[in-house]
Amino acid sequence: MPDKRTSKSKKTNKSTEVKSTAIFDIPQLSRSEMEELYNGHLIDIKNRGIVKGKIIKLTSKDAIIDLGLKSEGCIPLSDFSDSEEVNVGDDVEVFLEDIEDDDGFAVISKQKADFMKVWDLIYEKQVSQEPVTGEIIRRVKGGMIVNVSGAEAFLPGSQIDFHPVSNLDGLIGQEIKVKVIKLNRKRRNIVVSRRVILEEEKEKAKQKLLAELEEGQEKEGIVKNITDFGVFVDLGGIDGLLHITDMSWGRISHPSELVAIGDKIKVKVIAYDSDKQRVSLGMKQLYPYPWEDVQEKYPVEKKVRGKIVSIAEYGAFVELEKGVEGLIHISEMSWTKHIKHPSQLLAIGDVVEAVVLDVDKERERISLGLKQLEPDPWKAIEEKYPVETKITGKVRTLTNFGAFVEIENGIDGLIHISDFSWTERVKHPKHFIEKGQKVECIVLEIDPRRRRISLGIKQLMKDPFETLAKNIEPGAIVKGKLIEIVEKGLIVELNNKIRGFVPLAHSHKEDFDKSGKKCSLGEVIDLKIIDINTKTRRIILSEKDAKKELLRLDYKDYLKTEKEDIIKGEEPQEQTDTATEKETEEQTDTATEKETEEQTDTATEKETEEQTDTATEENDKEQIEPEEKETKTEDETSEQPESDK
């Protein structure tokens, strides 16, 4: 028999179980209410579309979505515009593509759902060509991704701006206005453009600007591009060119010295071509013309200060103020120094003091001088070194036409090649003196205007030619050494190294040959002086006349001796010899007198002509003529330092 206590306990447990089920407090619903609740959780599998789900779990890359089906769905966190704001329990709308895949998950897509939700809106915007607002969310290959009302659209890099953007990452997070330029619903592809909107805005601004643009207006613009020749400025719809020459009254080497890309600058419209829609701009025109009162600011002989801004071979440019520069020519830098390039004295950036020499307002030029700050040493040079003053100087330079001797610091004189020796032919100064050697010379001439001093060495001693002309007259017999054979005669050296010329007709033909085979150089021969010309410094000699004269003199001496013997009582050996001697004496005297007269006349005319021809052709072998010296002095001494520009 069962225990009563046991039965009672069972009854008690049953009552407890009944009471425990009441904890869930299930609402009592009618049938219609239950159907409505059930239908609300059903998904139309045939009509796949946007469904709502709840995030039940988050992983490092994905979000697990409960859709109310037997299987959950999975979407990547990258589909969310802000993955950090995604939390468990958030509701999300997705596009259901399939109930279950091979892995047992529902196939869903948030991107498709976003696209489907905004498709109609985007389609309407494309048809009406109205702009839409979007946010640049990330960078991809070839462009940027823009969130347009929840849908991702592609913004190509070429459609971001007029010009390629170097820093695309700097655009992330910006809100921009774009236009839909391409749609593909099947591929869920949306392509937008920002450049189209910018071009439309620019065209509107351009038409407005062109309608009111006039020359002389002052405008503000943004530096759009910089080139070597100028700057392109965006005036708000149209670009204008600001040429480098119109940027500043002063000197600039590149536009980047004054402006940078993106700078907002103020400019003036200096020219406008409405047909070609070209605008020329200027910056310096906003400021007064600096050369307006330059003659009053910088009168001649005024001392000024400025900065060296440029150096050329011919001088240095000094900036006196913005837009006003002066030139210090290389010839105006020093009275005495031989400056080959301005960089020997000056450098860019140096602040120098100078004297205004000339002002040309029309050509915008100011001539300046450095040497004018000091007195001109050439003004007192004539008093310091009068003509015929003996001086000692150092040979500074040797040239083909002479030697430059430094008289004092910076002042040189020229010893012409013809002023080295009275008698020697100096072909080059190096054969007579050396560079750096100290030489004694005499002042011959001073030209302060051309800043030239002529010096001479041979003038330190008397001219031996003049001494010879005084002591020896034509007709005298002298000895000479054969030193050179030329085509038309012989060149001989007399005493004191004076040279004379023996024409071919006055030499012994049987001993003379042009090649020098029958005549030996250095041979001393007897010569008779035919003519001495002190002006041309020429001596014409005759070997034949000298020989005849010597024979005549020898015969006279013989006759004189015979007469002395007769006086003493000595008879001649034979009458025949006596008669022969008398006839010979008379014949010799007569012939000598005739020949002397004819020879003198003929030799004076013929040999003088031949001498002139020979001197002309053999000019380089004869002594340097005074006329040649004067010509060479003017032509060749151009290397002597001058201050003429």
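The values are calculated or read from the model by the stated rules, or taken from the named source; none is laboratory data. Everything numeric in this text was worked out from a predicted model, so none of it was measured. Here the Cβ is made from the backbone with ideal geometry for all residues, glycine too, and neighbour counts use every protein chain on show.
Structure notes:
- Residues of region 236-255 classified as more than 29 Å from residue 309 (Cα to Cα), in contact with a helix residue (DSSP H, G or I) (Cβ under 6 Å, 6 or more places away or on another chain) and either among the basic types (Lys, Arg) or crowded, with 18+ Cβ neighbours inside 10 Å (or both), total: 1
One line per residue, one yes/no per condition, for (1) closer than 30 Å to residue 492 by Cα; (2) in contact with a helix residue (DSSP H, G or I) (Cβ under 6 Å, 6 or more places away or on another chain):
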position	(1), (2)
414	no, yes
418	yes, yes
443	no, no
454	no, no
466	yes, no
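- Test for residue 439: is it closer than 30 Å to residue 383 by Cβ, surrounded by 13 or more Cβ atoms within 10 Å (Cβ to Cβ) and aliphatic (A, V, I, L, M): yes
- Subset of region 257-293 [of a type in the set (Gly, Ala, Ser) and touching a residue at least 60 places away in the same chain (Cβ under 8 Å)]: 274
- The lone exception for residue 379 - which of (1) surrounded by fewer than 17 Cβ atoms within 10 Å (Cβ to Cβ); (2) at pLDDT 85 or above; (3) not β-branched (Val, Ile, Thr) it fails: (2)
- Checking each residue in region 157-181 for being of a type in the set (Val, Ile, Thr) and either touching a helix residue (DSSP H, G or I) at 6+ places or on another chain (Cβ under 8 Å) or more than 10 Å from residue 138 (Cα to Cα) (or both) picks out 160, 165, 176, 178, 180, 181.
- Counting only residues that are over 30 Å from residue 211 (Cβ atoms) and in contact with a Lys or Arg (Cβ under 9 Å, 6 or more places away or on another chain), region 278-292 holds 3 of them.
- In this entry, residue 183 passes the filter for residues that are more than 52 Å from the chain's Cα centre (by Cα) and either in contact (Cβ under 8 Å) with a residue 12 or more places away in the chain or under 27 Å from residue 261 (Cβ atoms) (or both).
- Condition met for residue 202 (modelled with pLDDT under 90, basic (Lys, Arg) and in contact with a Gly (Cβ under 6 Å, 6 or more places away or on another chain)): yes
- In region 102-158, the residue that is modelled with the lowest pLDDT out of those that are closer than 15 Å to residue 176 by Cα and of a type in the set (S, T, N, Q) is 149.
- Single match in 331, 310 (criterion: more than 24 Å from residue 408 (Cα to Cα) and of a type in the set (S, T, N, Q)): 310
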